[in-house]
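The structure under discussion appears below in the form of structure tokens.
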């Protein structure tokens, strides 16, 4: 089962495009988070602002959508991971387990009930593993379609020369 490839799956142009997308995404996130925190501090005061994370969530969501969109538009999946169903399912299960564990711990901390924490873990794990698997499957299908289109486009320009 080969999920991780030590050598890069990207050519030099894709590496450059990925670095550019990562750089833009970073600065969007950095400036957006700074603005969100400043606005929250101004509107709600410094003590209340630490409890309000919706602005940060929106910024992280925008960063993720931008990075995914840029990578798919440029036919880039990942430097080391392959866009295979096994990798998608494995990563979905790992992310779902970590998120479910985090929420189960929070549930236990708040309610001090082991059974409730186990139910929270099971529900989060099941729902997230399905949602993440479907999302990664759709994204990998879009990636393969875009990659094929880009390769055909490259072949057409080679034939014209």
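Read-outs throughout are calculated quantities, based only on the coordinates presented, and are distinct from any laboratory measurement. As the structure is a prediction and not an experimental result, all values here were calculated from the model. Because the Cβ atoms are built from the backbone with ideal geometry, glycine has one as well, and the counts that use them run over all protein chains shown.
So the values come out like this:
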read-out: Gained length - residue 19 relative to residue 61, 0.36 nm times residue gap less alpha-carbon distance; value: 13.2 nm
read-out: In degrees, nearest ten, helix 54-73 long axis to first principal axis of the chain (Cα); value: 20 degrees
read-out: Within segment 64-87: backbone nitrogen closer than 16 Å to the residue 7 label point (7 Å, Cα to C-beta); value: 79-82
read-out: Where Rh is the Kirkwood radius over Cα pairs, Rg/Rh for the chain; value: 1.08
read-out: Cα long-axis angle, helix 12-49 against the chain (0 to 90 degrees, to the nearest 10); value: 20 degrees
read-out: Distance (nanometres) between label positions extended 7 Å along Cα→Cβ at residue 116 and residue 86; value: 4.2 nm
read-out: log10 of Debye I(q)/I(0), alpha-carbon scatterers only, for segment 105-157 at 0.26, 0.28 Å⁻¹; value: -0.89, -0.94
read-out: Rg(Cα)/(2.2 N^0.38 Å) for segment 68-161, N = residue count; value: 1.57
read-out: Full-extension gain in nm, residue 137 to residue 44, via 0.36 nm per residue minus C-alpha separation; value: 29.4 nm
read-out: Most mobile listed residue (115, 30, 125) in the chain, GNM with C-alpha springs under 10 Å; value: 115
read-out: The chain, helix-only ellipticity at 222 nm - DSSP H runs n ≥ 4, -39,500 (n - 2.57), divided by all residues, nearest 500; value: -30000 deg cm²/dmol
